[in-house]
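K.L.:
Submitted below is the structure of interest, expressed as structure tokens.
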Number of protein chains: 2
Amino acid sequence: MADALKPEQMRTYFALTEAVSLLQYEVRKQLQAEGGLSYVQFEILAKLVDAEGRSLTMTDLADGVVYSRSGLTHQAGLLERDGLISRRASPDDQRATVVDITKAGRARVADVLPGHVDVVRELLFDSLSDRDVRTLGDVMSRARDHMRARPPRSAAPRRRAR
Amino acid sequence: MADALKPEQMRTYFALTEAVSLLQYEVRKQLQAEGGLSYVQFEILAKLVDAEGRSLTMTDLADGVVYSRSGLTHQAGLLERDGLISRRASPDDQRATVVDITKAGRARVADVLPGHVDVVRELLFDSLSDRDVRTLGDVMSRARDHMRARPPRSAAPRRRAR
DNA sequence: TATTGTTATACTCTATAACTATA
DNA sequence: TATAGTTATAGAGTATAACAATA
């Protein structure tokens, strides 16, 4: 429980958070401007597109998104209001809600995706070599898996400040 | 203007955003739980601590933070209300507001920093070798510099979706 | 009893625009 | 005219807790 990070770790942490913050800012702006979508809404639609026809439950959608259930319900409500998704009771489990993406939803994704990709490429990948990209992917995949493997969100309370 | 990222780029983009998202979630939770601070508030205090006595203007603080002026004013107002910073007119430029961190502000940072560092180490650095850390730092520093070098926020309008 | 999902509600964050004051 | 900062206001996101329905 040392009280500081090594200088190299500090530098890395700051570079990582700052770069990602800049990227996120631009990505959010693009999604909003070109598709009227929040980032979460885009994530939901992208997951549904990725599901390739299989319909997903609210729980499936929540999985991997670090939001509360009610937050997801809210966002799904907005997407449904705009006709981008539809919801219905699951045939298998009457408690579950099954979500499908609509034609309009797919069209919306198709609308914003090119711009989204442009932003990511221009901001992030234009400054990285293929080798950098692979290395970055390896390192961050490892980090992500490590974080995912942690005890959920109900881990032991963090150390007391003192 | 190709319409897709290479598979390797996709993988890297997803790993990066997912890992950082998980990290941010935990960091925010920790700062709120142990110090009642939003992430932005913590950033402001950290910048002031880092300034080592030199006082910063609101513009200095806004620099590097991708928020609106009014947002910064709001957050600074909260910090001042809680006695963590103080504001006064600049002696040099009457238009400017000079911000200083108070004793209580420093104490608050000292309170939350250990827990903050713990979270970052446990979630991020525990899964990375020293070599990974250096590489990640190099790559993300380059990316950050590239993003910072971009035309501000008033760049040409993004490509039209089509 | 546990799980799925929604609702009601309240709070926080952020942005836009109008405004004051100084350079 | 341009810059520094604040205020007022409104909108969007998120969370908590209570709730209904099903497993």
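K.L.:
Per residue of A:127-135, how many C-beta atoms from partner chains lie within 10 Å of its own C-beta, taken as a mean?
P.N.:
Partner-chain Cβ atoms within 10 Å, mean over residues of A:127-135: 5.
K.L.:
Taking the Cα centre as origin and putting +1 on Lys and Arg beta-carbons and -1 on Asp and Glu beta-carbons, what dipole magnitude results for the protein assembly as shown, to the nearest 20 debye? Don't skip to the answer; put the middle values down first.
P.N.:
Details: 52 positive and 46 negative charges, 103 e Å.
Dipole magnitude for the protein assembly as shown comes out near 500 debye.
K.L.:
Let me ask you something else. Per residue of A:115-124, how many C-beta atoms from partner chains lie within 10 Å of its own C-beta, taken as a mean? Intermediate values should be presented prior to the final figure.
P.N.:
On the way: counts 5, 3, 8, 5, 2, 7, 7, 5, 5, 9.
Partner-chain Cβ atoms within 10 Å, mean over residues of A:115-124: 6.
K.L.:
Give the nm distances, rounded to one decimal, from A:Ala110 to the matching residue in every other copy, measuring between label points 7 Å along Cα toward the beta carbon; shortest first.
P.N.:
Shortest to longest, the spacings are 6.1 nm.
K.L.:
For region B:44-89, go through all pairs of different Cα atoms, get the mean of 1/r, take its inverse, and jot down that Kirkwood value in Å.
P.N.:
The Cα-based Kirkwood calculation yields 10.9 Å.
K.L.:
On average, how many beta carbons from a partner chain sit within 10 Å of the beta carbon of a residue in B:49-58?
P.N.:
So the per-residue partner count for this stretch is 0.
K.L.:
If amide H atoms are built 1.01 Å from N in the plane of the peptide, which residues on other chains or at least 5 residues away come under 5 Å of the amide H of B:Thr57?
P.N.:
The answer is B:Val99.
K.L.:
Once neighbouring chains are kept in place and the probe is 1.4 Å, which whole percent of the accessible area of chain B is contributed by carbon and sulfur?
P.N.:
Roughly 51 percent, rounded to a whole number.
K.L.:
Still on this structure, I have one more. Within the set A:Lys29/B:Lys103; A:Lys6/A:Lys47; A:Lys6/B:Lys6; A:Lys47/B:Lys47; B:Lys29/B:Lys103; B:Lys6/B:Lys29, which residue pairs have Cα atoms separated by over 31 Å?
P.N.:
Violating the 31 Å limit, Cα to Cα: A:Lys29/B:Lys103; A:Lys6/A:Lys47; A:Lys6/B:Lys6; A:Lys47/B:Lys47; B:Lys6/B:Lys29.
K.L.:
Per residue, how much space in cubic angstrom lies within the convex hull of the C-alpha atoms of the protein assembly as shown? Before the final figure, lay out each step's value.
P.N.:
Numbers: hull volume 52.3 nm³, N = 324.
Cα convex hull per residue, to the nearest whole number: 161 Å³.
K.L.:
Let me ask you something else. Rounded to the nearest 500, what is chain A's calculated 222 nm mean residue ellipticity when only DSSP H runs of at least 4 contribute -39500 (n - 2.57) each, over all residues?
P.N.:
Value at 222 nm, helices only: -20500 deg cm²/dmol.
K.L.:
Can you list the equivalent-ellipsoid semi-axes of chain A, largest first and in whole Å, using the square root of 5 times each Cα gyration tensor eigenvalue?
P.N.:
Working from the Cα gyration tensor, I get semi-axes of 32, 24, 14 Å.
K.L.:
Please report the accessible area of A:Met10 (heavy atoms, 1.4 Å probe, ligands and nucleic acids excluded) in Å², nearest 10.
P.N.:
Rounded to the nearest 10, that gives 70 Å².
K.L.:
Taking each label point as 7 Å beyond Cα in the direction of the beta carbon, state the distances from B:Asp126 to the same residue in the other copies, shortest first, in nm.
P.N.:
With the label placed 7 Å along Cα→Cβ, B:Asp126 yields 3.9 nm.
K.L.:
Per residue, how much accessible area does region A:19-147 have with a 1.4 Å probe, in Å²?
P.N.:
48 Å²
K.L.:
Separate question: Could you tell me which residue in chain A puts its beta carbon nearest the axis mapping A onto B, with the distance rounded to whole Å?
P.N.:
Axis-proximal residue of A, distance in whole Å: A:Val20, 2.
K.L.:
Once the label point is set 7 Å along the Cα-to-beta-carbon vector, what list of distances in nm do you get between B:Ala89 and its counterparts in the other copies?
P.N.:
Label-point separations across copies, in nm and ascending: 6.8.
K.L.:
Quote the total accessible area buried by chains B and A together, excluding ligands, DNA and RNA, probe 1.4 Å, nearest 100 Å².
P.N.:
Numbers: alone 12200 and 12190 Å², together 17490 Å².
In total, this chain pair buries about 6900 Å².
K.L.:
For region B:13-130, what does the relative contact order come out to in percent, with C-alpha contacts under 8 Å and a separation of six or more?
P.N.:
30 percent
K.L.:
Out of region B:66-104, which trypsin sites (Lys or Arg not before Pro) are coil in DSSP terms and have no more than 16 other C-beta atoms within 10 Å?
P.N.:
B:Arg95
The values are calculated or read from the model by the stated rules, or taken from the named source; none is laboratory data. Since the model is a prediction, treat every value here as computed from it, not as a measurement. Backbone-built Cβ (ideal geometry, glycine too); neighbour counts: all protein chains shown. Areas reflect the complete protein model, heavy atoms only, side chains present, ligands, DNA and RNA absent. Shrake-Rupley method; radii C 1.70, N 1.55, O 1.52, S 1.80 Å.
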